[in-house]
Structure formats: C-alpha cells, structure tokens
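Below: one structure, written as structure tokens.
Values quoted throughout were computed directly from the atomic coordinates according to the rules given, and no laboratory measurement underlies them. As the structure is a prediction and not an experimental result, all values here were calculated from the model. Ideal geometry is used to build each Cβ from the backbone, glycine not excepted, and the neighbour counts take in all protein chains shown.
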Ligand SMILES: Nc1ncnc2c1ncn2[C@@H]1O[C@H](COP(=O)(O)OP(=O)(O)OP(=O)(O)O)[C@@H](O)[C@H]1O
C-alpha cells in the first residue's frame with residue numbers, strides 16, 4: 001500500500017516512500033512508484049462524456065472535476081476528460097495550468113472541491129483501494145537511496161507495500177527492472193546511474209505488478225536529451241505491451257513524439273482534446289506565392305475559389321483546401337503572373353495549439 005506524505009510547506013500530499021534504514025537519506029529527483037499487487041474488483045463502469053466511446057473504453061473519465069485551494073485559487077476548473085483505453089494520452093499545458101493537481105485528484109491524493117473522476121471504471125476516491133493496485137504512478141518528489149543498487153531500492157519499495165507477496169518479490173522486481181531495460185544494471189548503485197537510468201528506475205517502481213494504467217507526471221523533466229529519449233522509448237514500449245499511459249508535460253515536442261491523444265490545459269481548463277490525428281486533420285495548409293505582383297496573384301487564387309486569400313508586398317497567399325498545388329501553379333502562369341517562388345505550408349501542431357489556446361509552448365524539448 002502506498003504511504004502518502006504531506007509536504008509541510010505546501011500542504012500538498014506527497015508520494016510513496018521507502019522506510020529509511022540505510023543511514024543515508026534517499027535522493028530526490030527521479031520519480032515515485034505507487035506500489036501494490038492486489039487486483040481488486042473494479043466499480044461499475046459509467047457512461048463517458050457525450051459523444052465518446054461506449055462505457056469501459058476509457059481508462060480515465062472526469063466530470064466537472066474542480067479543485068479550489070484554500071485562499072481561493074482554482075487550480076482545476078470543471079475538467080471533463082476522457083482517456084481512451086490503449087492510448088498514450090499527453091496531458092499538455094504550461095507550468096501552473098493544473099496538470100499535477102489533476103493527477104493528484106486522480107490518484108486520490110487530493111480531494112476534489114467538485115466533480116468526479118473514475119479510473120478503470122471505478123470511482124476515486126470511493127474505490128481507490130480496489131483500483132489503485134492496477135494503476136502505476138510516477139508523481140513528483142521521488143526518493144531513492146544513492147548507496148543502494150537499483151534492485152535494492154526496488155526491494156524497499158516492494159517491501160513497503162503490504163499487498164505485495166514477499167515470496168514473489170524477486171521475480172516481480174526482476175521483471176520490472178527488465179521492462180525498463182535495467183536488468184544488466186540492477187546491481188549498480190543508484191548514484192552511478194545516469195539521469196535516464198534514474199528515471200527508468202522510478203518507472204520500474206511504478207511497474208511493480210501488472211498495471212492497466214500508468215500515470216506519469218512530467219517524466220522527462222530535468223532529463224538530458226539522452227535520458228529524454230530513453231524515457232520516451234520506454235513509454236512507447238509500455239504502451240505497445242497494452243498499458244494505457246497518461247503522461248503530463250509542458251513540452252509540446254514531447255507529447256507530439258510519444259502520444260496518440262492529447263488534452264491541452266490552460267489556467268485549469270481543458271481547452272482542446274482529441275487524437276493527434278484528429279487535431280492535425282484540422283490543419284489547413286496554405287499556399288504562398290512569391291511574386292512582384294501580389295494583387296494579380298491574389299486575383300488568380302480567388303479565381304480558383306481558394307479561401308483566406310491575402311496579398312502582400314511581393315507575395316500572395318491562400319488556404320489551399322483540396323486544390324492541388326500544381327493546378328495553382330498552372331493558373332498563375334496562365335494568368336501571366338511572374339512566379340518567383342511557391343511553397344505549401346502546413347501549420348505545425350504548435351500553430352494549431354497556439355490558435356486553440358492563444359498561448360505558445362516550450363518546444364525545445
Ligand atoms: N497546495 C496548493 N495550495 C495552493 N495552490 C496550489 C497548491 N498546489 C497547486 N497550487 C496552484 O494551483 C495551480 C496549478 O498547479 P499545478 O501544480 O497543478 O500545475 P501544473 O500544470 O502541474 O504545473 P507545474 O508543472 O508547474 O507543477 C498553480 O497556480 C499552483 O500554484
């Protein structure tokens with residue numbers, strides 16, 4: 001069973017922690033694993049928000065989920081979320097947009113002010129004890145002992161879970177280490193691990209047992225590019241093996257590279273959600289013509305029935321729609337327009353999100 005600690009500075013609920021005992025303090029900074037191996041009965045599945053897949057097809061559903069902290073700050077504001085089973089769902093938003101608070105409510109670590117949430121069809125917190133053993137979680141504030149090996153650290157995590165059978169601990173730990181690619185480094189001390197290895201160990205702690213859902217809060221935060229790649233690859237492998245992954249990030253590039261679905265948060269509200277493919281389908285490619293006669297080019301574009309025609313100095317542009325670019329080129333030439341250059345520009349996902357949210361994202365990764 002996971003132990004929950006409250007941060008005396010913030011009053012925020014904390015994470016599972018192994019009992020101290022080595023004489024050295026655990027090192028913060030890489031992740032926390034929710035432990036547990038008992039599979040409890042799930043609650044009755046309930047209908048997803050209107051228009052979504054049928055009941056049972058969502059790993060996470062929230063309805064009107066709201067958290068108002070003492071002092072009046074609304075961290076999460078009437079959140080309706082539906083995370084399809086089998087998806088890698090990117091929970092994207094700038095710092096302070098309410099991602100961690102949402103995850104804490106999902107895990108029963110913070111009590112919602114209003115609304116409800118379900119994990120794997122079971123209401124949380126009402127049925128948290130039954131459902132959380134099927135959910136692995138990595139939420140900020142991890143602690144591992146630097147002088148202990150990765151394996152020994154996991155043994156401590158496992159031993160702290162009263163629901164975990166000690167007789168099967170060795171195979172459980174071995175399997176978790178193998179799954180995150182740390183089998184060969186199992187005996188190495190934690191302090192000798194790279195950043196990526198540390199984070200993979202944290203994910204291993206969240207995988208001590210069969211999980212149907214894995215919730216990761218900013219798992220690449222603070223990692224170097226190599227560590228980031230490792231975690232990204234690991235998330236894809238875990239998802240390919242059938243676990244739904246819910247991963248938060250403030251980095252669009254992260255989400256774009258590892259997720260199938262995305263929900264975008266801004267100031268506590270969900271401002272966009274759907275499959276990446278669906279969001280991209282809304283992209284409207286534009287054609288841009290470089291020409292000394294922008295007005296003449298614009299007239300040709302209008303003549304072709306293109307929308308959003310604009311003429312500028314030395315250029316003209318329009319939404320391309322279904323018209324093939326070669327038809328535009330031919331029409332421009334036939335219309336006597338001197339074409340110096342022609343390009344088709346498809347808006348990036350960032351352009352789409354900026355349009356939806358009115359805000360940019362850190363895309364450096
Ligand atoms: N215990 C708390 N008491 C008061 N306000 C809080 C508390 N926890 C979070 N907040 C506030 O709620 C808002 C959302 O914070 P949250 O940590 O959920 O955002 P986030 O999107 O996860 O951002 P970050 O990645 O920076 O953690 C912020 O304005 C934050 O300051």
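If we count other beta carbons within 10 Å of each Cβ, what is the order of 289, 271, 235, fewest first?
271, 235, 289
Against the empirical 2.2 N^0.38 Å scaling, what ratio does the C-alpha Rg of the range 84-125 come to?
Dividing the Cα radius of gyration by 2.2 N^0.38 Å gives 1.24.
Note down the Stokes-Einstein diffusion coefficient of the range 284-346 in µm²/s, whole number, using a Kirkwood radius over alpha carbon pairs, 4 °C, and 1.567 mPa s.
Roughly 119 µm²/s, to the nearest whole number.
In what order do 322, 256, 118 fall by count of nearby beta-carbon atoms within 10 Å, going from fewest to most?
Arranged by neighbour count, lowest to highest, 322, 256, 118 become 322, 256, 118.
What are the principal axis extents of the Cα atoms in the range 234-299, in Å, biggest first?
Ordered largest first, the range 234-299 gives principal extents of 56, 30, 18 Å.
For a footprinting-style exposure proxy, rank 165, 158, 80 by other Cβ within 10 Å, fewest first.
The order, fewest Cβ neighbours first, is 165, 80, 158.
Looking only at the range 27-275, where both bridge partners belong to it, what percent of the DSSP beta bridges are antiparallel (to the nearest 5)?
Among the beta bridges of the range 27-275, antiparallel pairing accounts for roughly 55 percent.
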